[in-house]
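To keep things clear, I will list the structure first and then write my remarks on it.
The values are calculated or read from the model by the stated rules, or taken from the named source; none is laboratory data. Because the structure is predicted, anything quoted here is derived from the model rather than measured. Here Cβ is always computed from backbone atoms with ideal geometry, including for glycine, and neighbour counts include all displayed protein chains. Surface areas here come from the heavy atoms of the whole protein model, side chains and all, with no ligands, DNA or RNA. Shrake-Rupley method; radii C 1.70, N 1.55, O 1.52, S 1.80 Å.
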Amino acid sequence: MKTTIFTLANLLFLALQLSGYSQNVSLPASEKEGILLMREEEKLAHDVYTFLYEKWQLQPFSNISGSESRHFEAMGYLLETFELNDPAYPEAGKFKSRELAALYDSLVSRGSESLLAALEVGAYIEEVDILDLKELLAISSNDAISSVYSNLLRGSENHLRAFTRQLSWRDLEYVPKVLDQETYSAIVGAVNQSGNHGNCINAAPNSNNCKQQGGRQFRNRGNQSGCRNN
């Protein structure tokens, strides 16, 4: 897997974008709902991958769960910036959204059946993230939010490639469950992309949400060493 390298230009780019926004900016309801959704979706991905790493001890699950914690932090900064209540619970596997709670239970059950099933679960989660991020980007009118979503999208596409590659190495061709075949083929056929992680910590040195809820909440769960996938 390709290691993403932070650059000063990337860090300054996001810092300048986010620092110009007042916490009193009014967002459409659809934008607010999107931020809340992605905050919990990133938590779901992290929690499932942490569970699957503990179950199967396959390093990509640990690597990608570390990436998902950074995605979670980025969404936490958007919550703080636009003064939205955080829907994420600190406990692993617990969600405010009933749909995500049920999905978590289903995914960990399926991923416990076999290593191949676990890798398919990973690919499915990334498909869902990609579809939701594309839809949210299509309706977003806020540059700061779009920038974070774009970085998360690059990360999710990298993760989808990582999981499908693991399946291919085990002689199983993944069939997309959410994305159409053309979109899926274009993603898995591309090379990994680097980004600035949409990382809120770089832009908000005094952000309690990022430092405590987004970072500390996840940082001690599982082994997050090794290569990173945006």
Note down the accessible area of K94, probe 1.4 Å, to the nearest 10 Å². 90
Pairs over 19 Å Cα to Cα, from K43/K96; K94/K134; K134/K177; K55/K177; K32/K96, come to K94/K134; K55/K177
Suppose every K and R has +1 on its Cβ and every D and E has -1 on its Cβ; what is the size of the dipole of region 35-189 about the Cα centre, in Debye to the nearest 20? 300
Per residue accessible area of region 26-137, 1.4 Å probe, in Å²: 37
Using DSSP to define loop residues, name the GluC sites (Glu not before Pro) in region 130-179 whose beta-carbon has at most 13 other beta-carbon atoms within 10 Å. E173
Rank these residues by their accessible area, most exposed first, probe 1.4 Å: S26, S146, S168, S65. S26, S168, S146, S65
